[in-house]
Amino acid sequence: MKTNWARNNYQFSRFIAEAEAAGAFTPEVLDDMAISMDLKPFQVCELIDRAQNEWEKIKEKVCNCA
């Protein structure tokens, strides 16, 4: 059985949510990421939102700490 630390689906969404909470996604970073990912900046924001939502669901399911 994998530990929660080893579960990529948990930790990837957690990493993105924590980076957002720390202010990592400045407008400049969003613009650079959008270019790198061949997306529009709003689409990068949508990915960040999806990761945050996924992390909230995981917290509720795994540790009941949401």
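The numbers here are math on the coordinates, done by the rules we state, and not lab data. Keep in mind the model is a prediction, meaning the values are calculated, not measured. Note: ideal-geometry Cβ built from the backbone for every residue, glycine included; neighbour counts use all protein chains shown.
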Size of the dipole of the stretch 26-66 about the Cα centre, Lys and Arg at +1 and Asp and Glu at -1 on the beta carbon, nothing else charged, in debye to 20? 300
Local electrostatic count at Pro27 - Lys and Arg +1, Asp and Glu -1, tallied over other residues with Cβ under 15 Å: -3
Note on the chain: the mean projected area of its alpha-carbon convex hull, in nm², is 4.9
